[in-house]
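Take a look at the structure set out below.
The values are calculated or read from the model by the stated rules, or taken from the named source; none is laboratory data. Fair warning: this is a prediction, and the values are worked out from it, not measured in the lab. In this analysis, Cβ positions are derived from the backbone assuming ideal geometry, glycine residues included, and neighbour counts consider all displayed protein chains. Note: areas computed on protein heavy atoms with side chains; ligands, DNA, RNA excluded. Shrake-Rupley method; radii C 1.70, N 1.55, O 1.52, S 1.80 Å.
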Amino acid sequence: MNRSRARLRRLRFRRLGISAVGALVVVGVAAGPAAAHAEVTASDPRALAENVTLSFTSEAESETAGIAELRVVLPKGIAPDALTLKDAPKEWKLTATADGYTIGGPALPTGTDAEYSVTVRQLPDEKSLAFKTLETYGDGKVSRWIEVPTDGEEVDNPAPVLELKAAAPGAKPISPGPSPAPSSAAPSIRPSTASSSAPAASAGARATSAEGAGSSTGAVGVIAAVPVLGAAGALWWMRRNRGRA
């Protein structure tokens, strides 16, 4: 009887031990480091708000290299020339692209998040804005935060999304900024006057030369024919005189 009770106690302790270990594992997983991601916030997150500061944070996820460049695709309604750099890591520069911009410079220390901010002339009249971002590390590794969740679904690599509130009463879209002036160094597509007149001049010269050559040939022919006609006339005169004699 005592032996049976002892066995039951041992089984209970084992079950409790297994449960405790499982609980520790679950807690350990929940307390582990969260997955890296990219975020965006705004100083005035309202549609049609003007001179808004957008702050971006890209969390570092590499254990061997730091972030060196960020490539951002701007959402519809924000042109690349409608924003300016406000704050960035030391020696980082912003360069406009056809659909957004790149910002980067010397690679940040390993494990350091990339934080920067830009000023936008005006936010578009939308409910949300997605800023698809590509992170490039100093060792060439690229993280792509480009997926836009829809209907509340979860995605593996979500793009930074800014939720916008309704526009302020009376807010209107401002006119776009002036287009950049064309470069004075741009090559002209008009044909060069010198190159087009050169063939014509050459053709004229050839024609003049040919006419001169033809005139010279004709003069030489006339001069050569004079002695021949003179000799024929003398021969005819001599024969006539002989016939009379």
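Numerical summary
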item: Test result for Y137, under 28 Å from T64 (Cα atoms) and either of a type in the set (S, T, N, Q) or out of contact with any Phe, Trp or Tyr (no Cβ under 8 Å at 6 or more places or on another chain) (or both); result: yes
item: Candidate set from segment 30-58 (those that are at pLDDT 95 or above and in a loop (DSSP other than H, G, I, E, B)); member that is nearest to G138 (Cα to Cα); result: S43
item: Candidates E91, E61 - the one that is modelled with pLDDT of 95 or more and of a type in the set (D, E); result: E91
item: Members of segment 52-65 that are under 25 Å from the mean Cα position of the chain (by Cα) and surrounded by fewer than 18 Cβ atoms within 10 Å (Cβ to Cβ); result: T53, S55, T57
item: Subset of segment 66-110 [open to solvent by 50 Å² or more (accessible area, probe 1.4 Å) and in a loop (DSSP other than H, G, I, E, B)]; result: K76, G77, K90, E91, A98, D99, P106, A107, P109, T110
item: Qualifying residue in segment 90-97 (condition: of a type outside the set (S, T, Y) and under 14 Å from V40 (Cβ atoms)); result: no
item: Subset tally (residues that are modelled with pLDDT of 95 or more, open to solvent by 80 Å² or more (accessible area, probe 1.4 Å) and acidic (D, E)) for segment 127-171; result: 2
item: First in segment 68-88 and more than 21 Å from P124 (Cα to Cα), second anywhere and in a loop (DSSP other than H, G, I, E, B) and among the aliphatic types (A, V, I, L, M), Cβ under 8 Å, 6 or more apart; result: A68/A107; A68/L108
